[in-house]
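The values are calculated or read from the model by the stated rules, or taken from the named source; none is laboratory data. From a predicted model like this one, the values you see are computed outputs, not experimental measurements. Neighbour counts are summed over all protein chains in view; Cβ atoms, including those assigned to glycine, are modelled from backbone coordinates with ideal geometry.
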Amino acid sequence: MTALRKLFTVLLAAVAMVGTTVYLAQTTGGPPGQLQKATVLPEPLPLPEFILTGQDGRPFGKNRFRGKFSLVFFGFTHCPDICPATLQQLAVARSRLAEAGATLPEIVLISVDPERDSPEILAQYTAYFGAGVSGVSGDLDELQKLASALGIFFEKSAGDDYDVAHSAVVLLIDTAAELRALFSAPHDIDALVNDLPLLMGR
């Protein structure tokens, strides 16, 4: 699998393509104790009802987000650079939060390539990034419903050896299954480690 072979040699370059329709308030920079990069919604945005499939083969819907914080990234396993780079950064940030005794978010890859990303493929792929990382995919209409509600763009190219263009934003879903904040690319591990405890209430 191309993405796995290139996992540790990718370039960390990405452009955020966020088409959200809600007004966002952003706080950047500042001393410790203040958000450095997170974009925070004035009011949390409830997720729509949807049904996808987790890498464990079980139905994955809105309720699977309840009771925990989740960092959600829309991508796919054949992605040559942005996806493995982003997941690696999120995994490193999660490891550093664990060392600091902070609340740990789950990391969820929602595949925008359901034709190739079966539950088995997703389980194999996410295992490379360590504990707390899982994959989800499913029916294209359900993916479009969820992505559109969250302001996420994705589009499949033509041809058999196709690519999928997609937003590079990371979303923070809170314990009530609501979109609380987002992180635009390029992502920064130090900013994630600083901002996440503030957003999750440590």
request  = Kindly state which strands (runs of 3 or more DSSP E) lie completely within segment 97-183 and contain at least 3 residues that are charged (D, E, K, R), at pLDDT 95 or above and buried (at least 19 other Cβ atoms within 10 Å of the Cβ).
outcome  = none
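Quick one: count up the residues across segment 42-80 that are among the basic types (Lys, Arg) and touching a residue at least 40 places away in the same chain (Cβ under 8 Å).
Within segment 42-80, residues that are among the basic types (Lys, Arg) and touching a residue at least 40 places away in the same chain (Cβ under 8 Å) number 3.
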inquiry  = I'm trying to understand the selection: among the residues of segment 81-95, which are touching a residue at least 60 places away in the same chain (Cβ under 8 Å), in a helix (DSSP H, G or I) and not hydrophobic (A, V, I, L, M, F, W, C)?
reply    = PRO84, THR86, GLN88, GLN89
query = Across segment 60-80, which residue is nearest to the chain's Cα centre (by Cα) among those that are within 18 Å of ILE121 (Cβ to Cβ) and in a strand (DSSP E or B)?
reply = PHE73
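Could you check, for segment 32-42, whether at least one of its residues is aliphatic (A, V, I, L, M), closer than 30 Å to GLU120 by Cα and within 15 Å of the chain's Cα centre (by Cα)?
Checked against the condition, which is being aliphatic (A, V, I, L, M), closer than 30 Å to GLU120 by Cα and within 15 Å of the chain's Cα centre (by Cα), segment 32-42 yields no hits at all.
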message = Can you pull out every residue in segment 184-202 that is in contact with a helix residue (DSSP H, G or I) (Cβ under 7 Å, 6 or more places away or on another chain) and surrounded by 19 or more Cβ atoms within 10 Å (Cβ to Cβ)?
response = HIS187, LEU192, VAL193, LEU196
Selection within segment 48-80 - β-branched (Val, Ile, Thr) and in contact with a helix residue (DSSP H, G or I) (Cβ under 8 Å, 6 or more places away or on another chain) = ILE51, THR53, THR77
ask   = Do you know which residues across segment 22-48 are aliphatic (A, V, I, L, M) and at pLDDT 50 or above?
value = LEU35, ALA38, VAL40, LEU41, LEU45, LEU47
